[in-house]
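The structure appears below as structure tokens.
What follows is calculated from the coordinates using simple rules that are stated; it is not laboratory data. It should be emphasised that the depicted structure is a prediction, and the values quoted were computed from it without experimental measurement. For neighbour counting, all protein chains shown are included, and Cβ atoms are generated from backbone atoms with ideal geometry for every residue, glycine included.
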Amino acid sequence: MNMQKLMKQAQQMQAGMAAKQEELASREVEVSVGGDKVQVRATCAGDVLAIKIDPAVVDPSDVDFLEDLVLKGVQEAIAKGKGQAEEEMKKLTGGLGIPGM
């Protein structure tokens, strides 16, 4: 294979990956936990944008339950976003498993 052609393909892949990462940084995912009592919205880059809590779940005598719901919601939102990001990157790299991507 021609080295120039290979370099050009690598540059195109890199440009495509940079564009996709930028897109994913603004793509949002949303998850609900606790029977929709807590909803978390995040980006595929892992930034939490919003947390909504149903007032019915706010019980001053059981703050631990609310904390667990919020934590679970945040973890699931970040995992969902990262999962989508990984799938998009696999499409670009053909599943090559490039480190750091």
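A few points about this structure:
- The set of residues in the stretch 59-84 being over 16 Å from the mean Cα position of the chain (by Cα) and either farther than 16 Å from Val40 by Cα or surrounded by 13 or more Cβ atoms within 10 Å (Cβ to Cβ) (or both) consists of Asp59, Pro60, Ser61, Asp62, Val63, Asp64, Phe65, Leu66, Asp68, Leu69, Val70.
- Residue pairs meeting the criteria (Cβ under 9 Å; at least 6 apart or on separate chains; first farther than 13 Å from Gly34 by Cα, in the stretch 53-76; second assigned to a loop (DSSP other than H, G, I, E, B)): none
- The residue that is surrounded by the fewest Cβ atoms within 10 Å (Cβ to Cβ), among those in the stretch 24-52 that are over 10 Å from the mean Cα position of the chain (by Cα) and in contact (Cβ under 8 Å) with a residue 40 or more places away in the chain, is Ser32.
- Scanning the stretch 40-50 for any residue that is of a type in the set (Val, Ile, Thr), under 30 Å from Gln9 (Cβ atoms) and out of contact with any Phe, Trp or Tyr (no Cβ under 9 Å at 6 or more places or on another chain) turns up at least one such residue.
- Residues satisfying the stated conditions in the stretch 18-70, i.e. in a helix (DSSP H, G or I) and more than 25 Å from Glu86 (Cβ to Cβ): Pro55, Ala56, Val57, Val63, Asp64, Phe65, Leu66, Glu67, Asp68, Leu69
- Residues considered: Met3, Met17, Met7. Of these, the only one that is in contact with a Ser or Thr (Cβ under 9 Å, 6 or more places away or on another chain) and farther than 30 Å from Leu69 by Cβ is Met17.
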